[in-house]
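Notes follow the structure.
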Amino acid sequence: MESSSPMVPFPLLPTPIETNYRACTIPYRFPSDNPRKATPTELEWIDLFLNSVPSFRKRAESDGTVPDAPVKAEKFAQRYTAILEELKRNPESHGGPPDCILLCRIREQVLRELGFMDIFKKVKDEENAKAITLFEDVVRLNDAIEDGVKRVESLVRGILAGNIFDLGSAQLAEVFARDGMSFLASCQNLISRPWVIDDLENFKLKWSKKSWKKAVIFVDNSGADIILGILPFARELLRRGTQVILAANDLPSINDVTYAELIEIIAKLKDENGTLMGVDTSGLLIANSGNDLPVIDLTSVSQELAYMASDADLVILEGMGRALETNLYAQLKCDSIKIGMVKHPEVAQFLGGRLYDCVFKYTEVSNY
């Protein structure tokens, strides 16, 4: 159900929020830029979203819940393309200047206005069902690693491997449609370290010496991402005595898992004793983040999440949208991890890395 309560700032942002926080990682324009002329970066990102239109139109065409879906899918493609072209000519149109948040929001608005509420529902359900059958095997493989530090590295690699299931990337959407993706193969084939941002060794050192009382994880995609990547890591935190809050989207966006879907997934994975492969889940909570996009502005989250997260001492933002394109440099009042795979060439170029490079940014706040 869509949240009706007013949105509030995430309580672990430092104050004053206005001066300390900027959601978008990449600077699309500077004060000296002409407000009536799109910058090279803005044009590059508008083209990125233009390139994704065919894959979104194809998904919309096959949405059986929408009458005349092919006709409306074509209307979506034409309308969204026209808006993007207008933003090129006049960056102040349509609520601009454009950034990844605005470009995502306009795309969702156009889809919803035409009746498309969840064009990726079918593929999400299919991938969730596949991943659920693999969950026990993935957990057993990790549990078999006796060294706790080596085990957490394996779990981190699992998050990154799962994060490749992203239908918001035009290139990956094409690969996925053609070949599907293997989680275990993705684990083995992660790009070699050091990654473009690689604080994993420091985190492993802290992991062996430190425990957190409460962790908030902003989750990303359905399928292998949430079920084979995030949940085994969350289970390990639970086993160490950490309370875990999984914050998921209120409304569907691309193939991101929603709050309602995550509740259903957890219910299917628990055994008859209510455990996740023998680990007590009484400390596992699911929160509706209030978000409806694949990116997130932390100045606007649900009151429910704000209340639940106020005393957390670890925040994890996962995925290219939430942790790279937004919030990579966001400072928080507690320890934080930003983790995700680089799936857009534009992000790789900005970070000075490679396509399908990995980001693991760990920031410790000693005085929290």
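A short reminder: the numbers here are calculations on the coordinates, not readings from a lab. Quantities reported herein were computed from a predicted structural model and do not represent experimental measurements. Cβ: placed from backbone, ideal geometry, glycine included. Neighbour counts: every protein chain shown.
The table below gives the values:
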item	result
Estimated FRET transfer efficiency when R0 is 41 angstrom, pair Glu146-Ser300 (beta carbons, to 0.05)	0.40
Charge dipole of region 8-51 about the Cα centre (unit charges at C-beta), most positive-ward option of Asn51, Tyr21, Pro40	Tyr21
Length gained when the stretch Gln188-Ile263 is fully extended (0.36 nm per residue, less Cα-Cα span)	24.0 nm
Span from the region 94-152 Cα centroid across to the region 333-368 one, whole angstrom	18 Å
Average Cα contact separation per residue, the chain, under 8 Å, 6 or more apart, as relative contact order %	23 percent
Full-stretch length increase - Val365, Asn34 - with 0.36 nm per residue and alpha-carbon distance subtracted	115.3 nm
Nearest-20 debye value, region 1-122 charge dipole, Cβ charges on Lys, Arg, Asp, Glu	160 debye
Filtered GluC sites (Glu not before Pro), region 247-333: DSSP coil and at most 12 other beta carbons within 10 Å	Glu272
Across Lys121/Lys150; Lys58/Lys130; Lys204/Lys343; Lys204/Lys270; Lys37/Lys124, pairs whose alpha-carbon gap is larger than 31 Å	Lys121/Lys150; Lys37/Lys124
Sites Arg89 and Glu136 - FRET efficiency at Förster radius 35 Å, r taken between beta-carbons, to 0.05	0.05
Estimated distance in nm for a label pair at Gln331 and Ala129, the labels positioned 7 Å out from Cα along Cα-to-Cβ	4.9 nm
Dipole of region 24-119, positive end: most advanced residue of Cys100, Thr65, Ile83 [Cβ charges, Cα centre]	Ile83
Residue of Pro91, Pro345, Pro31 that the Gaussian network model of the chain assigns the largest fluctuation, springs spanning Cα pairs under 10 Å	Pro31
For the chain, calculated [θ]222 nm from helices alone, where every DSSP H run of n ≥ 4 adds -39500 (n - 2.57)	-13500 deg cm²/dmol
Cα-based helix-to-principal-axis angle, 148-162 vs the chain, degrees rounded to 10	20 degrees
Cβ-derived FRET efficiency at R0 41 Å, Ser5 paired with Lys75, nearest 0.05	0.80
